[in-house]
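The values are calculated or read from the model by the stated rules, or taken from the named source; none is laboratory data. All figures in this text were calculated on a predicted structure; none of them were measured in a lab. With ideal geometry, Cβ positions are generated from the backbone for all residues, glycine too; neighbour counts draw on all protein chains shown. With ligands, DNA and RNA removed, areas are computed over all heavy atoms of the protein, side chains included. Shrake-Rupley method; radii C 1.70, N 1.55, O 1.52, S 1.80 Å.
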Amino acid sequence: MSEVETYRDRARAWLASVEPRFGAAARLGLREDEDLALGRAYLRARYEAGFGGIDLPVEVGGQGLSAVHKRAFELEEIALGPPTVYFGISLGMPVPIVTRFASDRAWARERTIAALRGEEIWCQLFSEPAAGSDLAGVRLKAKRHGADWRLSGQKLWTSWAQYSDYGVILARSDPSAPKNKGLTYFWGDMRARGVTVRPIRLANAHHDVCEVFFDDVEVGDHQRLSEVGGGFSVAMATLMIERYLSRTAPGSGRRSISFCRLRGRPGSPAGRPSRTAASGR
Amino acid sequence: MVSLDLERLELAQNARRSLERTVSTPDILAHLGTPGAVHEPFWTMARAQGWSAALVPEAYEGLGLSLGAFGGIAFEIGRRVAGAPFLTTSYAVIRALIGHGRESDRQRWLPALASGALIGSAALGAGHGLAHGSLRFSGGRLDGIAPGVAGGAQADIAVVLADGEDGPVLAIAELGPVRRRRFDSIDTLRGTADLIFPEVAAGVLARGREATEAALDVLAAQAVLCAFEQAGGAADLVERARDHACARKAFGQPIGAFQGIKHKIATMYGLSELARAASEHAALREGAPDFRQAAAAARLQAIEAYDTCARECVQVHGGTGVTWESGLHLHLRRARTLAIELGPAIVWEDILINTLLAEGR
Ligand SMILES: Cc1cc2nc3c(=O)[nH]c(=O)nc-3n(C[C@H](O)[C@H](O)[C@H](O)COP(=O)(O)OP(=O)(O)OC[C@H]3O[C@@H](n4cnc5c(N)ncnc54)[C@H](O)[C@@H]3O)c2cc1C
């Protein structure tokens, strides 16, 4: 048996042991706040069992294993159906980017561990009303304020911003430079003064994304994760992770039907798929 | 011919104006939260405009419109994702009574169906292409369950295809004693419910092979009406995709200038026009020997057009497309539901192939 197979067996055994507490069945009928709380408890248990941050470096609190190990674990985890959705963006892109680009290593380690334990959540503040596919068109302004910065503008479609403690932000620091040269990449505190979060109702009747407004929000220069004007390349690094992540995310492939069933909680207008709708074409 | 077409056009345009006044997206969104709810303003208007009477013969207090003439109205209803399935579901009962009912039954029920005082529904198991085998007929009574009946939550009367002692039976029953088990579906406005028959008195319309043939004829007629509705939905989606593609800019130009978007919308347009043409053709073949074949073709075109347009229109809209408020999901929900209600594509592929094979023999 290969090393990865052994690892996968170990993952399966652990997941089976927590199924009664965190499995899909345990989530049925929960309100979103209860589901989120259960998710936090699950992440903590997962971290303590040694399955948190599988492919992140040991130095920042991860397990230092390969992407193949992570995939092996996730394939088993999807079958369990625990409430990980609120942490998908957080642990998917912002946290790995912080572990890679933050210069204060002790701080990065602290944040990573807190996020892996489900204590803190990060969001990704990229898209705007006029900048979606055309990401380099972002307009949210970053203006110098002494050595530091002030941010003003609007982000849109920010997943789980309403639950987030921190976010990674792509902002325009130089409006006169060519479109993808005038951007700078920061991290920000979602509780800072001047940040307003407004959830948006989606077609499934849930509020999975938000509008986020920045009104002259103070950001220190130490919160910069790129060179000034070098934000686009860190944004590309973020999206390269996202590109591969979407292929492994829960909900992909065979398990998506049970996932949909779960999302349509009783009493929600999203509804359960009717028996025929699930099987018909 | 010309004056008939003008009359049809005028009917459709009037319908469109009435629907624009009475049915709005926020309105329908509000109803989506209430499983089994009917959009009363729509149904009240449908009755007042005589839409419930449209396909009932004049002899029974109906308007006696052709399938094609009323199809133009169904097209507008589909465009608006208007809520209340009764026009199609009642039509099944109307059609079954005209084709197979006793004169006394026609006089008893058709005028009430025409006024909309009586709501009809059908459980035909897609002509046993989707055999449910869960409904039995014996000694003049229906017993068992008819699963997932559109309009079942509100209907007063139903035609059903049941298993009798010596083969299938097409029966008609008032639903007073029937228990309704409503369930949440993705399109709550269809009033879908399981009908549970505890030995309910029913009349026989046809038996044996005649019963399945009759059920298929009723389904075919419903399918044509539904295809108009689906084609109308698809047409709305084409227009909305086009409007968004002209207005939304990315990379310094309207997204409609990018091949990925413009070819998508061209495909949507092609499919929606084919669905409309196939519906018109089928309506013209009403009463002809190849009606069932034309109806199957219309249904298959309409399923593909509405499904594809609903999906692609969301894609063209980017993030906006998946918001609650955009209401595009109303089309997605309706497209999926209509694709299944009268039997899914695979059943109609069989029906089409069987009619083609019969022709070749
Ligand atoms: C559920 C959900 C969660 C999200 N979460 C986040 C998040 O956490 N953080 C974040 O920053 N963003 C998030 N987004 C936003 C997402 O990244 C954008 O929706 C996406 O980038 C598309 O942008 P848009 O919606 O503005 O669509 P547009 O860019 O306006 O695109 C509309 C359509 O045009 C097409 N198009 C655009 N340009 C071209 C071209 N050159 N050639 C061909 N076709 C083109 C697109 O493919 C699309 O079909 C989320 C979106 C959704 C739906």
Might you let me know whether region A:212-231 holds any residue that is among the charged types (D, E, K, R), more than 21 Å from A:SER90 (Cβ to Cβ) and either within 14 Å of another protein chain (Cβ to nearest Cβ) or free of Cβ contacts under 8 Å to residues at least 60 places away in the same chain (or both)? yes
Against the condition surrounded by 17 or more Cβ atoms within 10 Å (Cβ to Cβ), in a strand (DSSP E or B) and not charged (D, E, K, R), how does A:VAL234 come out, does it pass? no
Which numbered condition in (1) within 14 Å of another protein chain (Cβ to nearest Cβ); (2) at pLDDT 95 or above is the only one that B:ALA278 fails? (1)
Which one of the conditions (1) open to solvent by less than 30 Å² (accessible area, probe 1.4 Å); (2) under 25 Å from B:ALA117 (Cβ atoms) does B:SER185 fail to meet, given that it meets all the rest? (2)
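Given the criterion touching a Ser or Thr at 6+ places or on another chain (Cβ under 8 Å) and away from the ligand (no atom under 15 Å from the Cβ), identify the matching residue among A:ALA147, A:ALA142.
A:ALA142
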Looking at A:VAL168, A:VAL209, A:VAL195, which is the one that is within 18 Å of A:CYS123 (Cα to Cα), open to solvent by 10 Å² or more (accessible area, probe 1.4 Å), among the β-branched types (Val, Ile, Thr) and within 10 Å of the ligand (Cβ to nearest atom)? A:VAL209
Residue pairs meeting the criteria (Cβ under 7 Å; at least 6 apart or on separate chains; first farther than 21 Å from B:THR188 by Cβ and facing chain B (nearest Cβ under 8 Å), in region A:197-210; second assigned to a strand (DSSP E or B) and open to solvent by 50 Å² or more (accessible area, probe 1.4 Å)): A:VAL209/A:TRP157
Screening A:ALA142, A:ALA131 for residues that are assigned by TED's automatic domain parsing to the domain that holds A:ARG198, buried (at least 19 other Cβ atoms within 10 Å of the Cβ), of a type outside the set (D, E, K, R) and free of Cβ contacts under 8 Å to residues at least 24 places away in the same chain leaves only A:ALA131
Entirely in region B:145-244, the strands (runs of 3 or more DSSP E) that have 2 or more residues that are within 14 Å of another protein chain (Cβ to nearest Cβ) and charged (D, E, K, R): B:179-182
Among the candidates B:LEU32, B:LEU118, B:LEU63, B:LEU87, single out the residue that is touching a Gly at 6+ places or on another chain (Cβ under 6 Å) and over 23 Å from B:GLU210 (Cβ atoms). B:LEU63
Within region A:130-151, can you find the residues that are closer than 23 Å to B:ALA250 by Cβ and away from chain B (no Cβ under 14 Å)? A:LEU140, A:LYS141, A:ALA142
Pairs please, first residue from region B:104-121 and more than 18 Å from B:GLU58 (Cβ to Cβ), second anywhere and hydroxyl-bearing (Ser, Thr, Tyr) and open to solvent by 20 Å² or more (accessible area, probe 1.4 Å), Cβ atoms under 8 Å, 6+ apart in sequence or on different chains. none
Find the residue count for region A:166-188, including only residues that are over 15 Å from the mean Cα position of the chain (by Cα) and in a strand (DSSP E or B). 7
Suppose we keep only residues that are more than 13 Å from chain A (Cβ to nearest Cβ) and surrounded by 15 or more Cβ atoms within 10 Å (Cβ to Cβ) within region B:246-266. Which one would you say is farthest from the ligand (Cβ to nearest atom)? B:ILE265
Confirm whether A:PHE101 is in contact (Cβ under 8 Å) with a residue 40 or more places away in the chain and either away from the ligand (no atom under 12 Å from the Cβ) or assigned by TED's automatic domain parsing to the domain that holds A:GLY64 (or both). yes
